[in-house]
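Can you read through this structure? Questions will come right after.
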Amino acid sequence: MHFAGLDLAWGNNSPTGVAVLDDLGTLQHLSAVQTDAEVVAALSPYLPGGCLVGIDAPLIVRNEKGSRPAEKQLNRDFARFDAGAHPSNTSNPTLGEPTRGARICARLRLDMDPGSRSSRRAIEVYPHPATIALFRLGRTLKYKNKQGRTVDQLRGELLALMRLLDSLASAAPALQLVSHDGWRALVGAVERATRKSELRQAEDQVDAVVCAYVALLRERLPDAMTMYGDFTTGYIVTPTLPGDLEPSPRRPRITRHVDVVRQATQEYAEQHPQIVLAAEEAVEFVTRVLDDAGLNYLSVTGRAKSVASFAEKAGRTAEGNALYADPLAEIGDVIGLRVITYVHSDVAAVVELLDADAVVISDRDMGQETAREGHFGYVSRHLQIRLAKEDRATHPAVGARQVQVQVRTVLQHAWAEFEHDIRYKGTVPEEHRSDLDRRFTLAAGLLELADREFSTIRERLQGGAPDIEVSGGDNDPRISPRELAAFLAGQYADASWSRPDHYAWMAGLVLELGIASLSELAEVIRPVDTADIARRMAYRSPTGAVRRLDDALLIVNRDHYIGLHGNAHRTDRLRARLAKMTAQG
């Protein structure tokens, strides 16, 4: 469902602000339009799936003169805060029957009945009293152009309102604005404005955001809202005035953290394309580390945190205090990688390999932390790493950036993803919460037991060949991957299984060397002192069978092996490895 706001001009000669929020309160659209057709075009894409539109303009006007009952009732509460409503009556030519707001609702098929539960609805709202109630203001912010108000005063007041709206990122329900390009551009435009006309166009869009948020509140927190008037004579919906709030000439206290979040998000948005490249490079780096070791793993994936996700995290608070004083420096999962292994013992192997090839800043074993609390639950290793200096030249986008790497088994991953979807993306009724907690705990315990059994099974079968899919057919001159896997299982009984695709890749390298049979391959590697290679290479984890053969062929064929077409992507690494194997001592 979407929640839209219209700061609707009473006639077609003035701009109308349009804002649309999604179901999570994240800004999706922000614009200024003029004609009815432009308003309809701006809102139409957001109507499927349901939409509630908050409109700052009279929808229903029956009285010939004076104020509507709704306006009189609202003014009794809010006029003392300078937030009273102007009178609406049919003697005003712009408020003839139907009003402009009612005409637009008809074109969009929006039900104006405030009691309706139709999927397409509209309500009349009013930003001034809404801001008084939402932010406990002693008086309205004076961002509307009136005689005697300077550009500097108007700009300062409008920026104050925008900061207050930014601060709702930590409210419930949340309003997420800073991730939206249009909102950041609007803030910049207000900061640079030198004419009142520039502020006027921005003001309409800011008011539209207030209207959209009031619509969201109406849906999420109906008991916190007050409706003045009725459907027959006209009504206005607004957040309820706090009973203890009194008028005050003092400026509202505005937390400066919203400025920190906004500035950090603007900088992050500018850096984001480079961070996306850095995430791709980080995936390539970790994949290369694991492949060089011959480790059998399921997947290595990565992502750059989206601008919206960064903005949300940057704005988080705990007990009223900001969690990140410097979001750009302190948020550690801007680049996030996930390594999924088949068995639990390989999780430790991945950690060892990354510790050897990168700089590990921190290593949290979430499973141990959960166990210390005396229960089963989320299990994963969380590493914060940086590339070693010698790897930064070949991965310039990553450079010295921190990378978070989560490592877990496929079973641990399944539990974590399912639990996250249920708890954070679904709705758990309170009466079922304790039962679901018990069931999640039971599932976590069973999966931990299954992980242990899988590790035991693999250890007992380690000497046998893994099941490799045969491809290529009778015309493939290579030693088949399955035959190669069986051969290596016998040749290197203490080695771990390699990834299935690595057996096929190695079969191609063997063919490039002119080796067409297992007997020829055995003869080529017979002189190799595998124990000496293991000592020189100082393997940090059980090395995969393909890596063991790779090292044997490298020491036998040297530069010829490095020059093979299938090795073109790793010549530098192979030369470094060969130098290590042949070093004196």
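The values are calculated or read from the model by the stated rules, or taken from the named source; none is laboratory data. Remember, predicted model here, so these are calculated numbers, not experimental data. FYI the Cβ positions are ideal-geometry reconstructions off the backbone, even for glycines, and counts take in every protein chain you see. For accessibility, only protein heavy atoms count, side chains too; no ligands or nucleic acids. Shrake-Rupley method; radii C 1.70, N 1.55, O 1.52, S 1.80 Å.
Scan region 13-40 and report the pairs whose first residue is open to solvent by 30 Å² or more (accessible area, probe 1.4 Å) and whose second residue is part of a loop (DSSP other than H, G, I, E, B) and acidic (Asp, Glu), with Cβ atoms within less than 7 Å and a gap of 6+ or a chain change.
Note: pairs meeting the criteria are 28/22.
Right, here's the next one. Just for region 305-347: of the residues that are assigned to a strand (DSSP E or B) and open to solvent by 20 Å² or more (accessible area, probe 1.4 Å), which one is farthest from residue 179 (Cα to Cα)?
338
Output the number of residues of region 122-147 satisfying the condition of being polar (S, T, N, Q) and under 15 Å from residue 214 (Cα atoms).
1
Identify the residue in region 478-505 that is in a helix (DSSP H, G or I) and among the acidic types (Asp, Glu) and, among all such residues, is modelled with the lowest pLDDT.
501
Still on this structure, I have one more. Looking only at residues that are assigned to a helix (DSSP H, G or I) and over 22 Å from residue 282 (Cα atoms) in region 348-375, which one is modelled with the highest pLDDT?
366
Just to check your reading of the model, which residue among 251, 262 is at pLDDT below 85 and out of contact with any strand residue (DSSP E or B) (no Cβ under 8 Å at 6 or more places or on another chain)?
Exactly one residue qualifies, and that residue is 251.
Additional query: In region 203-222, what residues are open to solvent by less than 10 Å² (accessible area, probe 1.4 Å), among the acidic types (Asp, Glu) and more than 15 Å from residue 8 (Cα to Cα)?
none
Hey, residue 74 hits all of (1) open to solvent by 10 Å² or more (accessible area, probe 1.4 Å); (2) at pLDDT 95 or above; (3) in a helix (DSSP H, G or I); (4) of a type outside the set (Val, Ile, Thr) but one; which does it fall short on?
Among (1) open to solvent by 10 Å² or more (accessible area, probe 1.4 Å); (2) at pLDDT 95 or above; (3) in a helix (DSSP H, G or I); (4) of a type outside the set (Val, Ile, Thr), residue 74 violates only (1).
If you check residue 585 against the conditions, is it at positive phi and modelled with pLDDT of 90 or more?
So residue 585 fails the test.
Limited to region 555-566, what total is found for residues that are assigned to a helix (DSSP H, G or I) and either closer than 15 Å to residue 514 by Cα or open to solvent by 40 Å² or more (accessible area, probe 1.4 Å) (or both)?
8
Which members of region 114-170 meet the condition of being more than 25 Å from residue 77 (Cβ to Cβ), in contact (Cβ under 8 Å) with a residue 40 or more places away in the chain and either among the acidic types (Asp, Glu) or not in a helix (DSSP H, G or I) (or both)?
Matches in region 114-170: 119, 120, 145, 166.
Select from region 524-573 the residues that are within 18 Å of residue 507 (Cβ to Cβ) and among the basic types (Lys, Arg) and write down the one among them that is nearest to the chain's Cα centre (by Cα).
Only one residue fits best here, namely 570.
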